[in-house]
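Okay, so here's the structure we're looking at.
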Amino acid sequence: RVALFAALLVLGACGRREPSSAANRNESFGAIDQARLLAADEHPENWLTVGRDFGKTHYSPLTQIDRASVSRLGFAWEFATHTRRGLEATPIVVDGVMYTSAQEGRVFALNAATGERLWEFFPQVDGQVNRAVCCDAVNRGVAVWKSRVYVAALDGVLYALDAKTGAVVWKQDTIVDRTRGYSSTGAPQIAGDVIVIGNAGAEFDARGYVSAYKLATGEFAWRFFTVPGDPSKPYEHPELEWAAKTWDPNSRWDVGGGGTVWDDMAYDPQLNLLYVGTGNAALYSQR
């Protein structure tokens, strides 16, 4: 665990293309849309999603750092986050501005060239949430889209922030049952005109689902459960009735079933399909 973010640069390298920087110009911050994301390879100095592109390939086409130049890497700058908690986010870089998250869903906007802090956002999270978190108060990243930064706080509240100032544009509570051990640690996913977020908590008694909210307003759009619930109650959607037939009718429905979507989603804009990865069963461990 490290309490700072650090940047490296190639010393003495030639032919370097300087990235454009919204941090130094009076223009829109976080200017990402579908057309720009589809053309991510044309601007490789940016890292536009936690996986860089729509396909979440995590692959950079940049060639400046290679076997010949790696020995010339040097320390550029550091930014202290003043925490000993886990840091697991992949920073997003847009036009010279780095957006990244830290424990409990804190968000920092930095000048990517200098490490200068442009703004920070600290969600008001009740510390009691940590009692139902399996793996530290981590946060795995933000989503940036059309001058807004989206982050899910540890308590499951989803925030839309102004990419230039960090001001809260809207927020929504994504937790369906506060009596269970739900939390949020994953990065939200842009999917068309909605922002989608899942939840953690299968280690306790959570039932997996993803929720979608309108990007512009935060209005609730839809929710999909990944595992069936108690068959004595109505099914939330027809697919769950089919899925329930594959479960033992005497299953421990009271413990939720798990299958939480704690991270790892991808959206295909051409097929308009959202791909969702699910987690472990519940109860996963005895505590």
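The values are calculated or read from the model by the stated rules, or taken from the named source; none is laboratory data. Nothing here was measured: the structure is a model prediction, and the numbers come from that model. Here Cβ is always computed from backbone atoms with ideal geometry, including for glycine, and neighbour counts include all displayed protein chains. Remember, those area values only see protein heavy atoms, side chains included, never the ligands or the DNA or RNA. Shrake-Rupley method; radii C 1.70, N 1.55, O 1.52, S 1.80 Å.
Scanning the range 81-93 for residues that are part of a loop (DSSP other than H, G, I, E, B) and either free of Cβ contacts under 8 Å to residues at least 24 places away in the same chain or closer than 18 Å to T165 by Cα (or both) yields one hit, P91.
Checking A167 against (1) touching a helix residue (DSSP H, G or I) at 6+ places or on another chain (Cβ under 8 Å); (2) open to solvent by 20 Å² or more (accessible area, probe 1.4 Å); (3) without any contact (Cβ under 8 Å) to a residue 40 or more places away in the chain: exactly one of these is not met. Which one? Just one mismatch for A167, condition (1). If you go through the range 129-154 and keep only what is in contact with a Pro (Cβ under 7 Å, 6 or more places away or on another chain) and over 21 Å from H58 (Cβ atoms), you end up with just A153. Pull up the range 33-71, narrow it to residues that are assigned to a helix (DSSP H, G or I) and among the charged types (D, E, K, R), then point me to the one that is least open to solvent (accessible area, probe 1.4 Å). The qualifying residue least open to solvent (accessible area, probe 1.4 Å) is R36. Annotation for the range 237-254: at least one member residue is touching an Asp or Glu at 6+ places or on another chain (Cβ under 8 Å) and of a type in the set (D, E).
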